[in-house]
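What follows is calculated from the coordinates using simple rules that are stated; it is not laboratory data. Small disclaimer: the values here were computed from a predicted structure and weren't measured. FYI the Cβ positions are ideal-geometry reconstructions off the backbone, even for glycines, and counts take in every protein chain you see.
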Amino acid sequence: MNIEDIIESVLKAEGGYVNDPNDTGGETMYGITKATARANSYTGAMRDLPRATAKQIYHRRYVVQPGFDKIGAISPAIAAELVDTGVNMGPATASRFLQRALNALNRRGADYADIGVDGIAGEGTRRALKAFIDKRGIEGERRLMALLNALQGSRYVELCEGRQANETFMYGWLARVA
């Protein structure tokens, strides 16, 4: 899966125009919030946001800026998961999930050193991911993906516990992790 495929997958999952009063993100098109669109120089009506503009925003903000394109060079599947989680919860949250998971899977530092959980998928995170995949292979990658999904699911429950209106979205959110 390449970056273009990852973005297409996210666009498909996010769908078209939504303006749900229960959603704190407000008006969205292709999953891009109005605030994000404005921060990326789009000034038109959200309902009219061009798909090509949404793809550019996804590429810049949710692939390149957080370094998930570099993660993709190590593991396209993990990069796809990070981009999807980053769109839904923010790239820093997705990066922290990966960092926490890698730390939990390093066998008390026997396979690679613990890394900082700073929400930045930088060189240390990439080194740890490469060491993990070199050690554990495709089965390890699958288990890491399961752990990332578990962390994401746990965060969804926390969001619902903290704001009852979020329960409106729980069933749909689970499609991202199931």
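Here is how the numbers come out for the structure above:
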read-out: Per-residue [θ]222 nm for the chain (sum of -39500 (n - 2.57) over DSSP H runs n ≥ 4, rounded to 500); value: -19500 deg cm²/dmol
read-out: Residues of region 64-85 with amide N under 19 Å of the 7 Å Cα→Cβ point at Asn40; value: 64-72, 79-85
read-out: Using a Förster distance of 25 Å, the FRET efficiency for Tyr171-Arg60 (Cβ separation, nearest 0.05); value: 0.25
read-out: Helix 91-104 axis, angle to the chain major axis (alpha carbon atoms, nearest 10°); value: 20
read-out: Loop sites in region 96-127: trypsin sites (Lys or Arg not before Pro), DSSP, at most 13 other Cβ within 10 Å; value: Arg107, Arg108
read-out: Nearest-20 debye value, the chain charge dipole, Cβ charges on Lys, Arg, Asp, Glu; value: 380
read-out: Region 1-112, relative contact order in percent, only Cα pairs under 8 angstrom and at least six apart counted; value: 21
read-out: Efficiency of FRET between Arg142 and Thr93 - r from beta-carbon atoms, R0 25 angstrom, step 0.05; value: 0.70
read-out: Debye equation applied to the C-alpha atoms of the chain, log10 I(q)/I(0) at 0.08, 0.11, 0.12 Å⁻¹; value: -0.25, -0.48, -0.57
read-out: Dipole-positive endmost among Pro91, Thr125, Ala113 within region 66-178 (Cβ charges, Cα centre); value: Ala113
read-out: Distance-filtered residues of region 99-136 - backbone nitrogen under 20 Å, label point 7 angstrom along Ala73 Cα→Cβ; value: 99, 120-135
